[in-house]
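What follows is one structure encoded as structure tokens, with my remarks underneath.
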Amino acid sequence: MNYGEIKYCDIANGNGVRVSLFVSGCSHHCKDCFNPETWDYNYGKPFTKDTWEEIFNGTKSFVNGLTLLGGDPCEPDNQRALLPFLKEYKRRFPTKDIWCYTGYTYEQMIGESRANIECTDEFLSLIDYLVDGPFVAELKNIGLIFRGSSNQRIIDMKQTLSQNEIIQWEGIKRDRT
Ligand code: SF4
């Protein structure tokens, strides 16, 4: 897997101050995508163990957690590449949360789709909040917190998995729509 950028003090992509990893590769090609250069799986630099360490070292005590975006972290090869990294992140930072943006819907991730692969259940178990669905330009709304269009949800994965129904993040009440 390649990645394009890491932001170490991001307040736009998830709750609080975040370290954000922009991975490469996305098959959705949404109209008016904010980051089309990351559609190419070969964009940017290889995501290596040295990159892991850079992220761990950049995760200061005031950081609330890690955000995965891109590109799409849930493309099959990206899930495979991110899984061992996420396990190590959770081991080192058990109190910090992980947000993940994907152009797939949650239903696609757990149902019949190319995004549901051999490691998806484990991958999703490591995510705290999944911002799901493609960006739909016609549904763009700048009053939405942490997402671009009104079809996208911020799914509380721990609650969703424990209650077996989709529960959204309570902070979504801060939408200004
Ligand atoms: S899923 Fe995200 S990165 Fe991919 S095309 Fe849509 S907006 Fe762009």
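Here the dipole of the chain is about 600 debye; that uses its Cα centre as origin and unit charges on the Cβ of Lys and Arg (positive) and Asp and Glu (negative). Anisotropy class assigned to the chain is rounded, per the alpha carbon gyration tensor with a/c under the 1.5 cut-off.
Exposure proxy for C33, C9, C100: other Cβ atoms within 10 Å of each Cβ, ordered fewest to most, give C9, C33, C100.
Note on I110 and N57: the model spin-label points, each 7 Å out from Cα along the C-beta direction, lie 4.0 nm apart. For a label point 7 Å from the Cα of Q168 along Cα→C-beta, name the residues of the stretch 1-29 whose backbone N is under 20 Å from it. Under 20 Å, as judged by backbone N against the label point of Q168, lie 12-16 of the stretch 1-29.
Here D77 and K7 are evaluated by their C-beta separation; at R0 = 22 Å the FRET efficiency comes out at 0.45.
Greater than 19 Å separation of Cα atoms is the criterion. Which listed pairs, K31/K140; K60/K158; K49/K87; K87/K173; K45/K140; K96/K158, meet it? Too far apart for the 19 Å limit: K60/K158; K87/K173; K45/K140. E88 versus K45, label points 7 Å from Cα toward the beta carbon: distance in nm? Rounded to a tenth, the inter-label distance reads 1.6 nm. Shape class for the stretch 1-58, computed from the alpha carbon gyration tensor (a ≥ b ≥ c): oblate, with a/c not under 1.5 and a/b at or below b/c.
For the chain, modelled as a GNM whose springs connect Cα atoms under 10 angstrom apart, the maximal fluctuation among T105, T95, T48 occurs at T95.
Every read-out reported here was derived from the displayed coordinates using simple, explicitly stated rules and does not represent laboratory data. Being a predicted model, the structure only gives us computed values, none of them experimental. Note that we place each Cβ from the backbone using ideal geometry, even for glycine, and neighbour counts take in every protein chain shown.
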